[in-house]
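Trainee: Sharing a structure here in C-alpha cells format.
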Amino acid sequence: MPITTELEAINILLAAIGTAPVNNIDTANTDAVMAKNYINNARKEIQTEKWYFNTEDNYLLTPDIHNEIHLPPNILNIDSIGIFGENTNLIPRGKKLYDRLNHTYKIPNPVTANILLCLEIDELPETAVQYIIAKAARKYQEELLGDPSLRTWTKEDEATARGRLIDEDLRIRKLSFGALPKQDPTILMDFRNI
C-alpha cells in the first residue's frame, strides 16, 4: 500500500467539505491552507504520545564548542536523560539542555536521552497518517460545516484509526500487558520469555 502524501491528505480534507482538490500543497486556496493547518495540528498532537516511530532511546546529545547541548529542532519531549534516567538535574529549557543543579547551560560531556520527535507526514507509517487524517478531517468538518448531518468523518472513524495505530505499535514493540522491560536494572527476572 503506497503511503498517503501530504497533498493527498489535504485533498481528502477538502473532499470532506465538498471542495475541489488542489494540485499543489503551496496553493493560496484558503480551504487548502486551512486543511494543511488542521493536518499539521493533528500531526503534532498525535505525536505527543510515544509511538514506535517517533521515540528514540539512548539518543546521543553532544555539546557544541561552547559546551552547550542544543536539542534537535523537531524534539517534542525528553523522557529521561542518561541510562535509566540518572541525570535528573538536566532538563530541556528552550532548545537546549539546562543543568538545574548548577544553574547553567554548560554541559561539557555528551549525554544520552530517550526523546520524542515530531516527524513530518512523509516520515510516518501509513497507519499514523490515516489517524492524522481522521482526526484532522473530523475537526475540519466540525469547524466549517457546523451541521452534524453534513459530516462524513466521525469520532468513531478517528477511534478506529487510533485503534489500528495502537495495534501496529504493540505488534512492532512486541508488547503485551504485564511484560517487563529488560533494560531496567531493578528487575530481577524477565517474564516475557516464560
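Trainee: Which lysines, on any chain, are close to Lys106 with Cα under 26 Å apart, when same-chain ones fewer than 8 places away are left out?
Mentor: Lys95, Lys96
Trainee: Rounded, prolate or oblate, given the Cα gyration tensor of the range 21-174, with a/c below 1.5 counting as rounded?
Mentor: prolate
Trainee: Then there's this: In a shell of Cβ-Cβ distance under 15 Å around Tyr52, excluding Tyr52 itself, what net charge do Lys and Arg (+1) and Asp and Glu (-1) give?
Mentor: Around Tyr52, the charge tally is -3.
Trainee: Ok, one more. Please compute the contact order of the range 50-108 in relative form: average sequence separation of alpha-carbon pairs under 8 Å and at least six residues apart, divided by the residue count, as a percent.
Mentor: Reported relative contact order: 31 percent.
Trainee: Pull up all non-local amide H partners of Glu68: gap of 5 or more, or a different chain, and H-to-H distance under 5 Å with H placed in the peptide plane.
Mentor: The answer is Ile107.
Trainee: Under the definition of Cα pairs under 8 Å and six or more residues apart, what whole-number percent is the relative contact order of the range 3-139? Don't jump to the answer; show the numbers that get you there.
Mentor: Values: 212 pairs, mean separation 43.3, N = 137.
About 32 percent, as a whole number.
Readers should treat all values here as calculations from the given coordinates under stated rules, not as data from a laboratory. Computed from a predicted model, the values in this text were never measured in an experiment. Don't worry about glycine lacking a Cβ; one is built from the backbone with ideal geometry, like all the others, and counts go over all protein chains shown.
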